[in-house]
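Accompanying notes for the structure given below.
The values are calculated or read from the model by the stated rules, or taken from the named source; none is laboratory data. Just so you know, these numbers come straight off a predicted model, no measurement behind them. Cβ: placed from backbone, ideal geometry, glycine included. Neighbour counts: every protein chain shown. What goes into the accessible areas is simple: the full protein's heavy atoms, side chains included, and nothing from ligands, DNA or RNA. Shrake-Rupley method; radii C 1.70, N 1.55, O 1.52, S 1.80 Å.
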Amino acid sequence: MIRIAIQKSGRLNEDSVKLLKECGIKFAGADRKLLSRAENFPIEILYLRDDDIPQYVFDGVADLGIVGQNVLVESEFSMNTLKKLGFSKCRLSLAIPKDVSYNKGNLKYFDGKRIATSYPKLTEKFLHAAGCSPKIEFLSGSVEIAPGIGLSDAICDLVSTGSTLISNGLKEVETVFDSQAVLIHAPGAISEDKKSIINDLIFRIESVQKGKDYKYILLNAPNEAIEEIKSLLPGMKSPTILPLAQSGWSSIHSVVLENDFWNVIDNVRKAGAQGILVVPIEKMIL
Ligand code: PRT
Ligand code: ZN
């Protein structure tokens with residue numbers, strides 16, 4: 001049995017729960033209890049505030065945790081990152097009032113400035129490395145209002161769409177740290193039993209992630225176009241080619257990387273493909 005700590009409610013919760021469910025793990029949500037035992041996998045889910053997750057994992061109360069890199073690095077606990085999970089992407093950025101002029105890269109601007117942030121360590125480290133000594137004003141929330149009420153000259157806060165900064169009359173000027181959710185575990189000895197469960201979970205997560213990176217594609221093509229289309233669709237080993245009832249035509253099935261997708265579609269159409277179907281892949285095991 002292993003225990004994984006995830007956020008109880010907030011921006012990380014939904015995607016953390018979704019990932020575990022996509023791994024085929026059935027369990028009750030945080031509304032019911034603090035600790036929930038899965039029905040069909042040897043794992044318990046511990047629901048916590050995201051800020052507490054690094055500590056609980058470091059202390060061994062949980063074997064694994066899902067947390068933002070921003071919280072993990074700010075906590076300064078030494079931890080192993082087992083997987084980047086690709087969700088809750090955001091950046092920690094310095095922002096100043098929109099009417100103040102600033103030249104990108106001119107970090108000296110922040111020397112001696114008052115900077116409001118919930119991430120004092122990340123902010124200080126970044127600016128110290130640039131030779132600046134800012135005055136950090138720690139705030140646990142609503143950082144974006146600090147310049148407007150005269151509490152600070154600048155802020156260092158998480159940004160995703162940027163609309164919070166705009167609606168508070170601020171502009172983003174420097175990125176301090178890029179973050180996403182990660183799967184962590186504490187360094188140190190672990191039983192063979194737990195190791196094997198963790199490996200099984202990581203294998204499932206990788207299958208889910210690979211499925212998201214690829215699409216399954218089916219298309220019809222005249223037989224004389226098969227060779228060219230094959231070269232455009234490498235597939236997992238090679239494409240599947242099946243004859244159609246109509247003579248001289250075949251159906252070709254393969255997988256394509258989501259990122260290459262529109263290029264591949266354009267190229268196979270030019271090569272003579274018709275009736276192209278593209279379907280999502282739930283899991284992909286190589
Ligand atoms: O209660 P608990 O302590 O567990 O949660 P919390 O309130 O501390 O954190 P929560 O749920 O807000 O965020 C959890 C994690 O989500 C963060 O630690 C980040 O890793 C990640 N994340 C991703 C974000 C954002 N995007 C984000 N946009 N966390 C916060 N924000 C806030 C930001 O602080 C600012 O107020 O959203 C605002 C900016 O958003 P935009 O879209 O207007 O730029
Ligand atoms: Zn928090």
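Rundown of residues vs (1) within 15 Å of ligand 1 (Cβ to nearest atom); (2) closer than 22 Å to residue 76 by Cβ; (3) free of Cβ contacts under 8 Å to residues at least 24 places away in the same chain; (4) surrounded by fewer than 15 Cβ atoms within 10 Å (Cβ to Cβ), yes/no style:
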{"position": "3", "(1), (2), (3), (4)": "no, no, no, no"}
{"position": "14", "(1), (2), (3), (4)": "yes, no, yes, yes"}
{"position": "19", "(1), (2), (3), (4)": "yes, no, no, no"}
{"position": "24", "(1), (2), (3), (4)": "no, no, no, yes"}
{"position": "28", "(1), (2), (3), (4)": "no, no, yes, yes"}
{"position": "33", "(1), (2), (3), (4)": "no, no, yes, yes"}
{"position": "37", "(1), (2), (3), (4)": "no, no, yes, yes"}
{"position": "45", "(1), (2), (3), (4)": "yes, no, no, no"}
{"position": "48", "(1), (2), (3), (4)": "yes, yes, no, no"}
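Conditions (1) in contact (Cβ under 8 Å) with a residue 60 or more places away in the chain; (2) open to solvent by 60 Å² or more (accessible area, probe 1.4 Å); (3) in contact with a Ser or Thr (Cβ under 8 Å, 6 or more places away or on another chain), marked per residue:
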{"position": "68", "(1), (2), (3)": "yes, no, yes"}
{"position": "84", "(1), (2), (3)": "yes, yes, no"}
{"position": "95", "(1), (2), (3)": "yes, no, no"}
{"position": "119", "(1), (2), (3)": "no, no, no"}
{"position": "132", "(1), (2), (3)": "no, no, no"}
Go through (1) at pLDDT 95 or above; (2) assigned to a loop (DSSP other than H, G, I, E, B); (3) within 16 Å of ligand 2 (Cβ to nearest atom); (4) at negative phi and name the single condition residue 30 misses.
(1)
Against the condition open to solvent by 30 Å² or more (accessible area, probe 1.4 Å) and more than 16 Å from ligand 2 (Cβ to nearest atom), how does residue 198 come out, does it pass?
no
Where in the range 79-195 are the strands (runs of 3 or more DSSP E), entirely inside, with at least 2 residues that are within 28 Å of the chain's Cα centre (by Cα) and of a type in the set (Val, Ile, Thr)?
114-117, 154-159, 170-179, 181-185
Looking only at the range 205-214, decide whether some residue is surrounded by 13 or more Cβ atoms within 10 Å (Cβ to Cβ), within 25 Å of residue 51 (Cβ to Cβ) and outside the structural domain of residue 13 (by TED's automatic domain parsing).
yes
More than 16 Å from ligand 2 (Cβ to nearest atom), over 25 Å from residue 187 (Cβ atoms) and either at pLDDT below 95 or not hydrophobic (A, V, I, L, M, F, W, C) (or both): does that describe residue 24?
yes
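Matching residues to (1) away from ligand 1 (no atom under 12 Å from the Cβ); (2) in contact with a Lys or Arg (Cβ under 9 Å, 6 or more places away or on another chain):
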position	(1), (2)
114	yes, yes
121	yes, no
126	yes, no
143	no, no
151	yes, yes
